[in-house]
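This report refers to the structure that appears directly beneath it.
The values are calculated or read from the model by the stated rules, or taken from the named source; none is laboratory data. Quantities reported herein were computed from a predicted structural model and do not represent experimental measurements. Every residue, glycine among them, receives a Cβ derived from its backbone with ideal geometry; neighbour counts consider all protein chains shown. Heavy atoms of the whole protein, side chains included, go into the accessibility calculation; ligands, DNA and RNA do not. Shrake-Rupley method; radii C 1.70, N 1.55, O 1.52, S 1.80 Å.
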Amino acid sequence: DAGVIQSPRHEVTEMGQEVTLRCKPISGHNSLFWYRQTMMRGLELLIYFNNNVPIDDSGMPEDRFSAKMPNASFSTLKIQPSEPRDSAVYFCASSLGKMNTEAFFGQGTRLTVV
Amino acid sequence: AQSVTQPDIHITVSEGASLELRCNYSYGATPYLFWYVQSPGQGLQLLLKYFSGDTLVQGIKGFEAEFKRSQSSFNLRKPSVHWSDAAEYFCALNAGNNRKLIWGLGTSLAVNP
């Protein structure tokens, strides 16, 4: 398996623009997680899905952020409108969804909002 | 409340020296514990995990960790550090019935030649 695939790897956008980050989890994994990593806050869980259903979105910073998982092999994280403070590395991870299984991470999307 | 503390923000060691990275957790029962490593510009990679049984867990890249219930700790060790071990190390726990991981803030490791 190719692992968790995220696209794009880098994104530079202007403030106010819509940004969509994409994730393809590992085949057979039924849990998917979106994380944001910054120097100030470290690694923050934004939202996670189980069997394509959002289970906990309490980490989503505000209404500008939304995430979808239309099927088991694809998820998106959208920011609209984007702001400079959204600049961060966004990671997607997937797992088998059991307590004793680890999460596998993608390589991340580095977002810069200017 | 469940939490993970990594007391050391940054550690510098010489190549060939031994390493211990500290991780303390707060949870009422036995947690599922993980150590991840993040190399610069990369995603996080699992080093090792503990669920039950032997409290000394072996991982990849020569790392090991020891679960100590009495100290609520899960410290990561390596007997001889290589320059390629320079990275950010994260401790995490999975507690309760959810699937979320609770993360420490990470320890940045620098290796001097």
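About its Cα centre, how strong a charge dipole does the stretch A:7-114 have in debye, to the nearest 20, once Lys and Arg get +1 and Asp and Glu get -1 at the Cβ?
Roughly 320 debye for the stretch A:7-114.
With every protein chain in place, what's the accessible area of B:H10 (1.4 Å probe, Å², nearest 10)?
The accessible area of B:H10 comes to roughly 110 Å².
Per-residue counts of other Cβ atoms within 10 Å, averaged by peptide: what ranking do you get for A:55-68, A:27-40, highest first?
My ranking of the peptides, most packed first, is A:27-40, A:55-68.
What Kirkwood hydrodynamic radius, in Å, does the protein assembly as shown give when the mean of 1/r is taken over all pairs of distinct Cα atoms and then inverted? Could the numbers behind the result be given before it?
Numbers: mean 1/r = 0.0550 Å⁻¹.
Computed over the protein assembly as shown, the radius equals 18.2 Å.
About its Cα centre, how strong a charge dipole does chain B have in debye, to the nearest 20, once Lys and Arg get +1 and Asp and Glu get -1 at the Cβ? Walk me through the numbers on the way to the answer.
Numbers: 9 positive and 8 negative charges, 75 e Å.
Using only the charged Cβ atoms, the result is roughly 360 debye.
Using the Cα atoms of chain B, I'd like the radius of gyration and the largest Cα-Cα distance, Dmax, both in angstrom.
Gyration radius and largest Cα-Cα distance of chain B: 13.5, 45 Å.
Tell me, what does the Kirkwood hydrodynamic radius of the stretch A:1-83 come to in angstroms if you use every pair of distinct C-alpha atoms?
Values: mean 1/r = 0.0745 Å⁻¹.
Computed over the stretch A:1-83, the radius equals 13.4 Å.
Between A:Q80 and A:M39, take the C-beta separation as r, use R0 = 25 Å, and let me know the FRET efficiency to the nearest 0.05. Numbers along the way, then the final one.
Details: r = 24 Å, r/R0 = 0.98.
Efficiency, rounded to the nearest 0.05: 0.55.
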